[in-house]
Amino acid sequence: MSSNAATKDSFQYQGRLVRLIERVSDNMRRKMFDRFMQEMNPSAATTIIDVGVTDDQRLDSNFFEKLYPHKSQLTAVGMEDASFLETEYPGMKFVHADGLRLPFEDKSFDIACSFAVIEHVGSNANQRAFLQELCRVGKRVCVTMPNRWYPIEFHTLVPLLHWLPPHQFRSILRLLGKPFFSHEENLNLLGEKDLLALLEPGTKCRIIPFHFLSLGVSNFMLIID
């Protein structure tokens with residue numbers, strides 16, 4: 001096989017793998033959406049802020065905006081320009097802002113939610129501040145995140161490596177040619193205990209696990225009432 005043919009086969013394989021990951025992710029997020037609707041039970045009058053939308057237009061991106069039925073009660077917030085969402089989903093509002101400094105008054109929304117974003121806001125201090133901001137602007141809060149202790153890490157597609165101490169995990173990612181996710185500000189995974197440690201003492205909360213491929217808990221949903 002020529003080098004050009006090998007390269008082409010490699011790109012095709014990677015493309016198929018990416019599409020498979022997108023479909024798997026989309027399926028999991030639909031399950032999370034269904035559970036959100038069950039647990040939070042929003043009505044047509046419930047005001048919701050979704051923090052962490054993206055300008056990425058893949059199948060599994062901004063799934064909440066796609067699925068939530070009451071668009072006129074939905075405010076989406078992101079650091080990237082996702083203003084196209086207002087055109088794609090008429091009635092909803094997009095606000096360009098940092099999730100660590102939300103430009104809203106206390107308890108402005110009935111529900112503040114964020115899906116698979118907290119692992120991308122940086123240090124534990126930033127993650128704690130992110131949760132505090134959601135609790136400040138929302139009367140109730142719902143957050144989802146991947147579980148660090150699931151054997152497959154879906155951002156890097158490398159199994160088990162993320163179980164190493166973070167500094168070793170990041171060093172090896174750089175050696176593997178994955179520098180973006182080797183930085184804490186781009187990926188800082190949490191387990192259940194890590195997540196609970198971010199909350200203020202006495203916070204009333206529930207954690208709902210999601211399982212995938214019989215390999216354990218792949219994701220968590222945190223609900224703060």
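Throughout, read-outs are computed from the coordinates displayed, never taken from laboratory work. Since we're looking at a predicted model, the values are computed, not measured. Because the Cβ atoms are built from the backbone with ideal geometry, glycine has one as well, and the counts that use them run over all protein chains shown.
So if each residue of separation counts as 0.36 nm, and I subtract the Cα-Cα distance between H96 and E192, what length gain in nm does that give?
Details: separation 96, 0.36 × 96 = 34.56 nm, distance 3.00 nm.
Going from the current span to full extension adds 31.6 nm.
In debye, nearest 20: dipole of the stretch 41-81 around its Cα centre with unit charges on the Cβ of K, R (+) and D, E (-)?
Values: 3 positive and 7 negative charges, 55 e Å.
Result for the stretch 41-81 is approximately 260 debye, rounded to the nearest 20.
Would you mind working out the magnitude of the charge dipole of the chain relative to its Cα centre, with +1 at each Lys and Arg C-beta and -1 at each Asp and Glu C-beta, to the nearest 20 Debye?
On the way: 25 positive and 27 negative charges, 112 e Å.
Computed charge dipole of the chain: roughly 540 debye.
What are the equivalent ellipsoid semi-axes of the chain, built from the alpha-carbon gyration tensor (square roots of five times its eigenvalues), in whole angstrom, biggest first?
Values: eigenvalues 184, 94, 55 Å².
Semi-axes (√(5λ), whole Å): 30, 22, 17.
So, R0 is 30 Å and r is the distance between the beta-carbons of R206 and L160; what FRET efficiency does that work out to, to 0.05? Please list the in-between numbers first.
Values: r = 29 Å, r/R0 = 0.97.
After rounding to 0.05, the efficiency reads 0.55.
Note the angle between two axes, namely the Cα long axis of helix 3-40 and the longest principal axis of the Cα atoms of the chain, as a number of degrees from 0 to 90, rounded to the nearest 10.
Long axis of 3-40 versus the principal axis of the chain: about 20 degrees.
Kindly state, to the nearest 0.05, the FRET efficiency for S108 paired with D56, given R0 = 22 Å and r defined as their beta-carbon distance. Can you show the working numbers first?
On the way: r = 26 Å, r/R0 = 1.20.
The value I calculate is 0.25.
Find the eigenvalues of the gyration tensor of the Cα atoms of the stretch 28-114, then list the square roots of 5 times those eigenvalues as equivalent ellipsoid semi-axes, largest first, in whole angstrom.
Details: eigenvalues 63, 56, 30 Å².
Over the Cα atoms of the stretch 28-114, the semi-axes work out to 18, 17, 12 Å.
What angle do you read, to the nearest 10 degrees and between 0 and 90, between the alpha-carbon axis of helix 166-175 and the longest principal axis of the chain?
The angle comes out at about 50 degrees.
Specify which residue in the list H211, L176, L187 is farthest towards the positive end of the charge dipole of the stretch 139-215, using unit charges on the beta carbon of Lys, Arg (+1) and Asp, Glu (-1), about the Cα centre.
H211
Restricting to bridges with both residues inside the chain, how much of the DSSP beta-bridge set is antiparallel, in percent to the nearest 5?
On the way: 15 of 33 bridges.
Roughly 45 percent of the beta bridges in the chain run antiparallel, per DSSP.
Just to compare against my own numbers: the Cα pair-distance distribution for the stretch 186-225, 5 Å bins, whole % per bin, please.
6, 19, 28, 22, 16, 7, 2
If you place +1 on the Cβ of every Lys and Arg and -1 on the Cβ of every Asp and Glu, how big does the dipole about the Cα centre of the stretch 141-225 come out, in debye to the nearest 20?
In total the dipole reaches around 180 debye.
Which one of S43, L102, M221 is farthest out on the positive end of the charge dipole of the chain, using unit charges on Cβ (Lys, Arg +1; Asp, Glu -1) and the Cα centre as origin?
M221
For the charge dipole of the chain, defined by +1 on Lys and Arg C-beta atoms and -1 on Asp and Glu C-beta atoms about the Cα centroid, which residue among P166, Q73, L131 has the Cα displaced farthest towards the positive pole?
P166
Go ahead and run the numbers for FRET between R136 and N27, Cβ-Cβ distance against an R0 of 30 Å, rounding to 0.05. Before the final figure, lay out each step's value.
Numbers: r = 33 Å, r/R0 = 1.09.
Rounded to the nearest 0.05, the efficiency is 0.40.
What is the stretch 120-198's relative contact order, in percent, from Cα pairs under 8 angstrom and six or more apart in sequence?
So the answer I get is 43 percent.
For the stretch 150-225, build the convex hull from the C-alpha positions and give me its volume per residue in Å³. Intermediate results must be reported in sequence, preceding the final value.
Numbers: hull volume 7.6 nm³, N = 76.
Dividing the Cα hull volume of the stretch 150-225 by its residues yields 100 Å³.
Cβ neighbours within 10 Å, averaged per peptide: list 45-53, 117-125 in order, most packed at the top. Could the numbers behind the result be given before it?
Values: 45-53: 20.9, 117-125: 18.0.
Packing proxy ranking, top to bottom: 45-53, 117-125.
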